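Student: Following this message is one structure expressed as structure tokens.
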Ligand SMILES: Nc1ncnc2c1ncn2[C@@H]1O[C@H](COP(=O)(O)OP(=O)(O)OP(=O)(O)O)[C@@H](O)[C@H]1O
């Protein structure tokens with residue numbers, strides 16, 4: 001299947017010489033949810049702004065639904081919905097008018113049934129006649145999403161959609177994103193919340209210093225880079241690891257009563273069987289056993305720190 005969004009060697013150098021994007025290449029399939037993770041200043045917003053035509057690229061090629069964002073700007077932009085990071089709404093305007101206006105801006109005919117559907121989906125229907133200034137921060141974010149959906153985009157960019165939003169609303173937002181995916185909308189979201197990427201994305205991209213360090217299927221990424229640990233709880237604490245057991249990856253934790261062994265799930269031999277045999281051979285008695293897979297957060301921190309060194 002051809003890519004809904006294709007970004008080739010995209011570079012952006014701001015006036016003053018700062019290189020915010022250093023050759024980003026990324027292809028996104030229709031109906032996919034991709035989360036771009038990166039620390040502050042990584043270039044996430046610059047990437048989104050460039051694709052959406054707010055910032056001009058220095059070089060590179062971007063197409064949306066096959067339309068070039070420079071030579072075929074209108075067609076490309078018509079396919080895109082953008083939910084910006086900053087809440088930028090007219091405080092005295094009514095919710096429904098704000099959303100209607102956004103549709104009109106793209107030259108679409110009025111469609112009250114569609115506006116109602118969008119407002120209902122975002123739980124804004126009851127608030128349709130409220131002025132923006134009467135809404136809570138979370139509700140304002142929903143209005144931003146409603147506005148972005150008003151012209152029926154096929155690709156939706158969400159720049160930090162849940163920054164500063166409470167946990168309940170965040171989960172709600174994830175539900176909305178899942179609904180949109182079910183409708184076939186392609187979604188690119190940037191986030192600081194790794195938990196968010198873990199919860200909703202199909203693929204994860206890690207961006208740092210203007211470079212895309214990796215893009216990978218979420219589950220594959222977690223198996224490939226996720227280290228696994230086995231914790232062996234002993235019935236009696238030890239002062240030190242017995243020499244017969246000592247090996248790389250093994251450490252003594254807790255009060256000396258936990259042997260922690262880090263192993264590679266992809267290796268031909270993980271070393272677990274030998275470890276357990278050696279423990280039994282050393283006459284140690286087990287109280288409990290557990291394993292733990294590193295989280296996406298740990299993978300992310302490792303990647304970004306490696307990139308810096
Ligand atoms: N107009 C501009 N002129 C010069 N430098 C800029 C401009 N806009 C952004 N930058 C710089 O480009 C870099 C990337 O910024 P960008 O906003 O894309 O990062 P980000 O990953 O979205 O970060 P955050 O999560 O903090 O929004 C930053 O170092 C920023 O200071």
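The values are calculated or read from the model by the stated rules, or taken from the named source; none is laboratory data. Everything numeric here is computed off the predicted structure, so don't read it as measured data. Note: ideal-geometry Cβ built from the backbone for every residue, glycine included; neighbour counts use all protein chains shown.
One line per residue, one yes/no per condition, for (1) over 27 Å from the mean Cα position of the chain (by Cα); (2) closer than 26 Å to residue 51 by Cβ; (3) part of a helix (DSSP H, G or I):
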{"site": "99", "(1), (2), (3)": "no, yes, yes"}
{"site": "104", "(1), (2), (3)": "yes, yes, yes"}
{"site": "119", "(1), (2), (3)": "no, no, yes"}
{"site": "141", "(1), (2), (3)": "no, yes, yes"}
{"site": "147", "(1), (2), (3)": "no, yes, yes"}
{"site": "157", "(1), (2), (3)": "no, yes, no"}
{"site": "162", "(1), (2), (3)": "no, yes, no"}
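Student: Can you name every residue in the range 69-93 that is over 23 Å from the mean Cα position of the chain (by Cα), without any contact (Cβ under 8 Å) to a residue 40 or more places away in the chain and assigned to a loop (DSSP other than H, G, I, E, B)?
Tutor: The answer is 69, 70, 71, 72, 93.
Student: Continuing with this model, one more query. Please find, among 137, 65, the residue that is surrounded by fewer than 19 Cβ atoms within 10 Å (Cβ to Cβ) and either without any contact (Cβ under 8 Å) to a residue 12 or more places away in the chain or under 28 Å from the mean Cα position of the chain (by Cα) (or both). So that I can check it myself, show each step before the final result.
Tutor: Working: 65 fails: surrounded by fewer than 19 Cβ atoms within 10 Å (Cβ to Cβ).
137 is the lone residue from the list that is surrounded by fewer than 19 Cβ atoms within 10 Å (Cβ to Cβ) and either without any contact (Cβ under 8 Å) to a residue 12 or more places away in the chain or under 28 Å from the mean Cα position of the chain (by Cα) (or both).
Student: Of the numbered conditions (1) at pLDDT 90 or above; (2) crowded, with 17+ Cβ neighbours inside 10 Å, residue 191 fails exactly one; give the number of that condition.
Tutor: With respect to (1) at pLDDT 90 or above; (2) crowded, with 17+ Cβ neighbours inside 10 Å, residue 191 is out only on (1).
Student: Residues that are at pLDDT below 90: which strands (runs of 3 or more DSSP E) entirely in the range 212-276 hold 2 or more of them?
Tutor: Numbers: elements: 228-234, 250-253, 258-263.
Answer list for the range 212-276: 228-234, 258-263.
Student: Give 230, 207, 176, 200 a once-over and let me know the one that is within 30 Å of residue 120 (Cα to Cα) and in contact (Cβ under 8 Å) with a residue 60 or more places away in the chain. So that I can check it myself, show each step before the final result.
Tutor: Working: 230 fails: within 30 Å of residue 120 (Cα to Cα); 207 fails: within 30 Å of residue 120 (Cα to Cα); 176 fails: in contact (Cβ under 8 Å) with a residue 60 or more places away in the chain.
Result of the check over 230, 207, 176, 200: 200.
Student: Would you pick out the residues in the range 248-267 that are surrounded by fewer than 16 Cβ atoms within 10 Å (Cβ to Cβ) and in contact with a helix residue (DSSP H, G or I) (Cβ under 8 Å, 6 or more places away or on another chain)?
Tutor: Of everything in the range 248-267, those that are surrounded by fewer than 16 Cβ atoms within 10 Å (Cβ to Cβ) and in contact with a helix residue (DSSP H, G or I) (Cβ under 8 Å, 6 or more places away or on another chain) turn out to be 265, 266.
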